[in-house]
Amino acid sequence: MGKEIFRKYGIPVPDGYVVESASGVKKFDKPVVIKSQILLGGRGKSGGIKFAKSQADLDSGVKELLGSKIRNLTVSKVLVEEMLDIKKEIYVSIALNRAERVPMVIASSSGGVEIESVPEDKIFKTLVDPLIGYSDYIGREATNFLKLEPAIAAQFRSILSNLYRVFEKEDCELVEINPLVITGSGKLIAADAKVVMDSDSMFRHKEINIVDTEKTPLELEAQGKGYSFVELDGNIGVIANGAGLTMATLDALTLHKGKPRNFLDLGGTDNVDTVVNAFELVMKADPKAILVNIFGGVTKCDTVANGIVAAKDRLKISKPIVVRLSGVHEDEGRAILKNDGIEAFSTMLPAIERVAQIAGGN
């Protein structure tokens, strides 16, 4: 997927295709590399990359990798791509420098290895002012540092410029080519691609569809609806607003012998349907009781209360619901809940103790 993005921005990548089963292997016509498609670095050292110089090598390599486990991750896809005639390997990346809060260009003539293992004096680094953006002088400084011959330097500057476009346009935290290969014929090709996109920008990138095999079906459904949701092994459904408060709620439940069934961060909302949809997800986890813990600022307590009442009605919830409401319009919110027979508290610990008591059967 990273190479598809590179290709879109004019960065040269090897020819290749993805295989999900042995029947997808094409007829061998040139030496190829078979690469496990898992979200890990150092695949070669872990046995996740095979080389094929014949049809038999290709068939056996694909069969060997598909379904295998590499550091506890199952290989469900492999990338088959042309084997490059490698003369030299270069490292290049653009990363978000969190200390300075700006993009940083990194390059080294020591490619194909972990950049952390390269001595600092062998690494080119420069910060990019995001208000000005990338300038050609950065490419010239990098090629001078790397001591690239003119024909190679021109290609490198073009790739670096396009790499910055990827970083900027695709909302990235990191774009990395390791290695950027100089072939025997004098061409620069991105033999590898790593693209880390800001997860908070994914609503702008609907074309990116990554299924995390470690997520449960319900977690994937929640992700598609924009909720931070994690299934746990308890019996108390949890809805809170803000990741910090949600985690504190789980801790407090555990301290009081309660067992959380899930983590659901409602976020900052003033929308009844957002609350109802959150309840729908929690109900699919089949908890014994539900705890809602809201500290209202952006999130109005009366809106959440109306959402809880609407969820109880629309989803026909008969399981106990315990609510802590504190913040903007909290008195109105608690009154709405009490009028509907839902227990509501102004502080967290009484609500925690009550739901733990209910779920524990006491």
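Every read-out reported here was derived from the displayed coordinates using simple, explicitly stated rules and does not represent laboratory data. In this text the structure is predicted, and so the values were computed from the model without any measurement. Note that we place each Cβ from the backbone using ideal geometry, even for glycine, and neighbour counts take in every protein chain shown.
Only bridges with both residues in the chain count here: give the DSSP antiparallel percent, nearest 5.
Values: 46 of 63 bridges.
Here the share of antiparallel DSSP bridges comes out near 75 percent.
The residues Arg157, Arg261, when put in order of fewest to most other Cβ atoms within 10 Å, stand as Arg157, Arg261. Dipole size of segment 76-233 about its Cα centre, with +1 on Lys/Arg Cβ and -1 on Asp/Glu Cβ: approximately 680 debye, rounded to the nearest 20.
Within a 10 angstrom radius of the beta carbon, how do Val196, Val175, Val322 rank from fewest other beta carbons to most?
Fewest to most other Cβ atoms nearby, the residues stand as Val196, Val322, Val175.
For Lys26 and Arg140, the FRET efficiency from 1/(1 + (r/R0)^6), where r spans their Cβ atoms and R0 equals 51 Å, is about 0.80.
Charging the Cβ of each Asp and Glu at -1 and of each Lys and Arg at +1, and nothing else, the dipole of the chain about its Cα centre rounds to 780 debye. Adding -39500 (n - 2.57) for every DSSP H run of four residues or longer, then dividing by how many residues the chain holds, sets the calculated 222 nm ellipticity at -10000 deg cm²/dmol.
As a proxy for reagent exposure, ranking Lys288, Lys169 by other Cβ atoms within 10 Å from fewest up yields Lys169, Lys288. Site pair Met1 and Ser117 shows an inter-label distance of 2.8 nm when each label is modelled 7 Å from Cα along Cα→Cβ.
In the chain, a dipole from Cβ-located charges (positive for Lys and Arg, negative for Asp and Glu) runs towards its positive end, and of Val166, Ala99, Ile132 it is Val166 whose Cα lies farthest in that direction.
Please find, in a Gaussian network model of the chain (springs between Cα atoms separated by less than 10 Å), the residue of Leu220, Leu349, Leu174 whose mean-square fluctuation is greatest. For the chain, modelled as a Gaussian network with Cα springs under 10 Å, the answer is Leu349. Lysine pair count for segment 86-204 (Cα-Cα distance under 28 Å; residues 8 or more apart in sequence or on different chains): 21.
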